[in-house]
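The values are calculated or read from the model by the stated rules, or taken from the named source; none is laboratory data. Every value quoted in this text rests on a predicted model; they were computed, and no experiment measured them. Reconstructed Cβ throughout: ideal geometry from the backbone, glycine too, with neighbour counts over all protein chains shown. When the accessible area is computed, the model is the full protein with side chains, heavy atoms only, and any ligands, DNA or RNA have been set aside. Shrake-Rupley method; radii C 1.70, N 1.55, O 1.52, S 1.80 Å.
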Amino acid sequence: MATKSKKKLSAKKKSAPAKSNAPKAARSAKAANPAHAAGTDPKRVAAILAKLDEAYLDATCELKHENAFQLLISTILSAQCTDVRVNQVTATLFKKYPTPEAFAHANPSELEQDIRPTGFFRNKTKSVIGASKAVIERFGGSVPRTMEEMLTIPGAARKTSNVVLGTAYGIASGVVVDTHVQRLSNRLDLTRNEDAKKIEQDLMKILPQDRWISFSHQLIWHGRRVCRARSPKCIACNLESLCEAKDKTI
Ligand code: SF4
């Protein structure tokens, strides 16, 4: 037994450096030059886009809205909340507060209770009232159409602004990076970053601009339906042949 153990230990010692160094070197090379990582080869990116079209050609924003302002409010409410829950709340909210003026003059305590089911309701109330006032006072009652202007609105960072500009106006200002896009972009090796801003920059470099809007919708749909955070349904995934995620389930 002792002899066998020694032989095994000796074999492990000999092979260990080769096994551990190769992936480390590969990781370093990828991290040093993420734009040229194997995952972002233009042909591979095109193949991923084609597969997404195959599965989710009609993907769109799942927040129910009738205009850009309602979408802005819904997107603010969707932080840390599901679209389903937001839609349940806004079904009555938009009847009670039908215009930016109605939201701007809302009683904060009452609005807090109206949106309470979406979570973080105190901060969201401040953002909703602040955003409504900004839209009225600085943009003539209409949600603006540029990223620069959007970013001046309370509660509207890049993600919210990209959602509103892309979905309500069809303006490809950037790529929406929510939790699904963040997770799937990493699993599909389209980025090596974890930070949403950096991921967006990476995606804007490798995706054609006319796909920025649809790509986000498609990835969000895929993340909700198939490539879930826990136990992704890889067996049902049409991107499986293009995916080398460490947590693949097949
Ligand atoms: S193969 Fe699995 S991990 Fe990869 S994209 Fe599909 S569902 Fe996600």
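Structural remarks
- For the range 156-220, the Kirkwood hydrodynamic radius comes to 11.4 Å, computed from all pairs of different C-alpha atoms.
- Dipole of the range 83-200, positive direction: furthest Cα of Thr92, Ile171, Ser142, with charges on the beta-carbon: Thr92
- Exposure ranking of Tyr56, Tyr169 by accessible area [1.4 Å probe, largest first]: Tyr169, Tyr56
- Filter on Lys64/Lys198; Lys43/Lys205; Lys51/Lys205 - keep pairs with C-alpha separation over 24 Å: Lys64/Lys198
- Computed extension gain for Lys248 through Arg228, at 0.36 nm per residue and net of the alpha carbon distance, reaches 6.1 nm.
- For the pair the range 44-90 / the range 110-152, the C-alpha centres are spaced 19 Å from each other.
- Hydrodynamic analysis of the range 78-192 uses the Kirkwood radius over alpha carbon pairs. Inserted into Stokes-Einstein at 10 °C and 1.306 mPa s, it gives a translational diffusion coefficient of 104 µm²/s.
- For the listed peptides 180-191, 230-241, 77-88, a ranking on the average number of other beta carbons within 10 Å per residue, highest first, reads 180-191, 77-88, 230-241.
- Computed extension length for Asp41-Lys95: 14.6 nm, one decimal, from 0.36 nm per residue of separation with the Cα-Cα distance subtracted.
- Counting only protein heavy atoms and using a 1.4 Å probe, the accessible area of Arg116 comes to about 120 Å².
- Here the range 37-84 exposes an accessible surface that is 54 percent carbon and sulfur, computed with a 1.4 Å probe and the other protein chains kept in place.
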